[in-house]
1. Within the range 25-65, how many residues are closer than 20 Å to residue 96 by Cα and in contact with an Asp or Glu (Cβ under 6 Å, 6 or more places away or on another chain)?
2. For the range 43-64, check the following and say yes or no: at least one residue is closer than 30 Å to residue 147 by Cα, among the basic types (Lys, Arg) and out of contact with any strand residue (DSSP E or B) (no Cβ under 8 Å at 6 or more places or on another chain).
3. Answer yes or no: is there a residue in the range 120-131 that is in contact (Cβ under 8 Å) with a residue 12 or more places away in the chain, assigned to a helix (DSSP H, G or I), hydrophobic (A, V, I, L, M, F, W, C) and in contact with a Leu (Cβ under 7 Å, 6 or more places away or on another chain).
4. Specify the residue that is farthest from residue 31 (Cα to Cα); the eligible residues are those in the range 86-115 that are in contact with a Lys or Arg (Cβ under 9 Å, 6 or more places away or on another chain) and not small (Gly, Ala, Ser).
5. Please name all residue pairs, on different chains or six or more residues apart, with Cβ atoms under 6 Å, provided the first residue is in the range 107-118 and is touching a residue at least 24 places away in the same chain (Cβ under 8 Å) and closer than 17 Å to residue 11 by Cα and the second residue is in a helix (DSSP H, G or I) and of a type in the set (Ser, Thr, Tyr).
6. Take residue 152 and decide whether it is under 27 Å from residue 37 (Cβ atoms), modelled with pLDDT of 95 or more and either in a helix (DSSP H, G or I) or touching a strand residue (DSSP E or B) at 6+ places or on another chain (Cβ under 9 Å) (or both).
Amino acid sequence: MLATKMQSAINQQIHNEIASGYLYLAMAAYLESQNYSGAAHWMREQYREEVEHAGKLFKYMNDRNARVVLEGIEKPQVDFGTLKDVFTLVLSHERKVTASIDSLYELAVADKDFATQIELQWFVKEQLEEEKTAQDILVQIEACDGKPHLMLMIDHQLGKRGK
């Protein structure tokens with residue numbers, strides 16, 4: 001059985017992952033409205049990934065005979081600005097998620113909860129990938145310097161994710 005404090009922290013992380021997915025889905029809707037169908041596809045894939053992360057934690061809680069308690073999700077913003085603004089927000093958001101995972105891992109270490117530490121190692125590695133991917137996309141967008149034909153090429157590339 002997980003300690004009460006750890007259960008609460010993992011429940012919060014499940015909430016964070018679902019809220020992240022909801023944010024990415026809102027970004028997908030916005031990007032579709034801005035005719036960035038490739039970037040919208042990328043965000044829908046990101047949405048699915050975040051929900052999978054929540055599901056992984058959900059299963060872990062159940063495997064440890066802990067109770068999952070879901071909370072309401074706040075309405076995300078609806079306007080996100082330029083493609084550069086969107087991916088700047090993605091990077092910032094992923095850094096917050098990393099900090100949250102790191103705090104969860106620190107709690108597992110402090111509690112000598114070795115099983116949770118092992119479970120969270122996957123999330124620590126995943127966040128390295130998430131931040132690097134967002135940073136790489138942002139660098140590419142910045143290199144385009146707002147040139148429409150180059151932005152369309154990036155949008156096309158983003159649309160290939162998961163295909």
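The values are calculated or read from the model by the stated rules, or taken from the named source; none is laboratory data. As the structure is a computational prediction, the values presented were derived from the model and not from experiment. For neighbour counting, all protein chains shown are included, and Cβ atoms are generated from backbone atoms with ideal geometry for every residue, glycine included.
1. 3
2. Our first condition is that a residue be closer than 30 Å to residue 147 by Cα; within the range 43-64, this holds for 43-47.
From what's left, among the basic types (Lys, Arg): 44.
Remaining after also requiring out of contact with any strand residue (DSSP E or B) (no Cβ under 8 Å at 6 or more places or on another chain): 44.
Yes, that holds for at least one residue.
3. yes
4. Checked the range 86-115; the qualifying residue farthest from residue 31 (Cα to Cα) is 111.
5. 108/116
6. Values: under 27 Å from residue 37 (Cβ atoms): yes; modelled with pLDDT of 95 or more: no; either in a helix (DSSP H, G or I) or touching a strand residue (DSSP E or B) at 6+ places or on another chain (Cβ under 9 Å) (or both): yes.
Here the answer is no, as residue 152 does not meet what is asked.
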